1. Any chance you could run the full-extension gain for residue 277 through residue 264? It's 0.36 nm times the residue separation minus the Cα-Cα distance, nm to one decimal.
2. Suppose the chain between residue 464 and residue 29 were pulled fully straight at 0.36 nm per residue; how much longer would it get relative to their current alpha carbon spacing?
3. Once both labels are modelled 7 Å past Cα along the beta-carbon direction, what's the residue 243-residue 175 spacing in nm?
4. Listed highest first by mean packing, meaning other Cβ atoms within 10 Å per residue, what order do 389-397, 5-13, 279-287, 148-156 come in?
5. Tell me, how many Å apart are the Cα centres for the stretch 1-69 and for the stretch 371-438?
6. How large is the convex hull of the C-alpha atoms of the stretch 140-287 per residue, in Å³?
7. On full extension of the chain, what length is gained from residue 489 through residue 345, given 0.36 nm per residue of separation minus the C-alpha to C-alpha distance?
8. Determine one quarter of the surface area of the Cα convex hull of the stretch 407-503, which equals its mean projected area, and express it in nm² to one decimal.
């Protein structure tokens, strides 16, 4: 049997292939036949390039139905999909190109010039745009090239453990790591979530999440594709657009920021979401206050779940039964989750420890980092998530902290070490500490505390301006604080807990 993830999805498309698969915010419709033909054309184009099995296709494009079709065509052609955040800048993209060595790079038209230069320099042979370059010259449009290809394609056979995607997830030290996800990892998670969240073919998913992230691509899109359900595609989250479309949908997924912004509209209430059967939240902690207010206003509780790039989804509050504020629910079927102390012994009820997981959803390892991969797994095969949590008496898991100082701002992961390294390079900076502090909208806001060298004249706006030119906006500190020294313990380690308390 072909374990290719696309083959699994195709086997579950609705009998009526002319039914709507994707509807855009501006009224364009794509049927299941359109999806099948478009992915065949793109897969034929990729196959014509003579790529080696397992070649990477790196993609940094704006969200669109065609972007989803490119992803599906990539795995259909037996290649490995590498999504990149649209906010990444030149320095970041150059690193991913050098590390992953993709054979193909697909970018937004406006970035074609600098991305093509970086790609060719790193050895990438083919660079396309997903659309026309603005000046019309040498467009390199993947869709134009694919239009001339046949609209039938035999999905390439893949084994369970063949790679389907690589997602880069930053580390607390050094550069980003590529988490390798197999066809089995993604298929098993889609199947378990289908049952857990009671997906039906007549569901309509209102899709407002980005497509470069686990949440939008491997949870939301996969859920609809595996169920043969229609999606209403929004290019990005916009509270007014979501409010206008909610009554036409039955499922909505978002990060906590989305729910905070919906609640900020006085007109949001039960009538707005009268046909929704399920609101799901993830990618960042959902405040209990948000959970309770949303329940009151919408008439139903949000279902919070827990996952990560390396594992896709791990736990979920129940569809039936109590959805507990401040928890991420129960382990999914087939997924083993344990909380252990520093010696590796299981923690008792209510005791805080390190969260470790095992299951068919857990990734194969980090791209070209065998030593790091071995370090992150226990002798009995559990992955060390780096999160700290506890189970209650009923088996509900709560995440209480992160052992590696990860900041989650607006659903995106920010690792302090990366930002600190850049700040410390700035002229006049002696040292810095980057922390996350509670934020009503983003969940956490990135703040930086800086010690200047004697006589240096840096100010907050100057530091923020320099960082904005080098890294994605979600990583740029919202506030900069200048101090004479950083608090340290007896071993000389910066006490970030004291900084978080001071600047909260």
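1. On the way: separation 13, 0.36 × 13 = 4.68 nm, distance 2.14 nm.
So the extension gain works out to 2.5 nm.
2. Details: separation 435, 0.36 × 435 = 156.60 nm, distance 4.18 nm.
Extending this stretch completely gives an extra 152.4 nm.
3. Result: 4.5 nm between the two label points.
4. On the way: 389-397: 16.7, 5-13: 19.6, 279-287: 22.6, 148-156: 14.8.
Descending mean neighbour count gives 279-287, 5-13, 389-397, 148-156.
5. The distance from the Cα centre of the stretch 1-69 to that of the stretch 371-438 comes to 34 Å.
6. Numbers: hull volume 26.5 nm³, N = 148.
Looking at the stretch 140-287, the number lands at 179 Å³ per residue.
7. Numbers: separation 144, 0.36 × 144 = 51.84 nm, distance 2.78 nm.
Net length gain for the segment: 49.1 nm.
8. Numbers: hull surface 24.7 nm².
Taking the Cα atoms of the stretch 407-503, their convex hull projects to 6.2 nm² on average.
None of the figures in this text is laboratory data; all of them are computed from the coordinates on show. Everything numeric in this text was worked out from a predicted model, so none of it was measured. Every residue, glycine among them, receives a Cβ derived from its backbone with ideal geometry; neighbour counts consider all protein chains shown.
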